[in-house]
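What follows is a short report on a single structure.
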Amino acid sequence: MVGIGKTILQRNIEIGNWVVLGVILALSLLFLSGRFALGVLAGGLVSIVNFYWLSRDLKGALSRHAEKAKPFMMVKYYIRFIVTGVVLFVVITKAPVDIFGLVLGLSVVVINVIVMVIGANVKNPLRRFRKKNASLFIA
């Protein structure tokens, strides 16, 4: 089967993840402690790696037959969940990180997606009305 390439939206999200992490990290280095900044860095790296890993798993699932895709994704989900849990456990127990910084870093992808959605709607707020039966509330 033909490989599935990245869309412009996915590339923008990936670049935005690094930009958001850089901005939050720079602000935390300037105004907060080094432990907080280390927590932001560790959490941000975990969330971005998880995002890339999920993207790769979805490409693998979509390239399989429909009956094999669901078990494949479930196994990959649990592997990713366990690995993320172990990494976070090690970071929390062994590294001198601030928990609030870690949580903020883990939120990098979510913050980026929210900013991108708001930015897209601010640029063109009436784009949904170009289609028949469009609504502001239903995508």
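Nothing in this text is a laboratory measurement; each read-out follows from the coordinates by a stated rule. Source: prediction; values computed, not measured. A quick note on method: Cβ atoms are made from the backbone with ideal geometry, for glycine too, and the neighbour counts reach across all protein chains shown.
What is the sum of charges around GLN10, taking Lys and Arg as +1, Asp and Glu as -1, for the other residues whose C-beta is under 13 Å from the C-beta of GLN10?
Spelling it out: positives minus negatives among the neighbours equals +3.
Taking just the alpha carbons, could you work out the radius of gyration and Dmax for the stretch 8-118, both in angstroms?
Spelled out, the Cα radius of gyration and Dmax of the stretch 8-118 are 15.7, 52 Å.
Pull out the extension gain between PHE81 and VAL117, defined as 0.36 nm times the separation in residues minus the alpha carbon to alpha carbon distance; nm, one decimal.
Computed gain between PHE81 and VAL117 is 10.3 nm.
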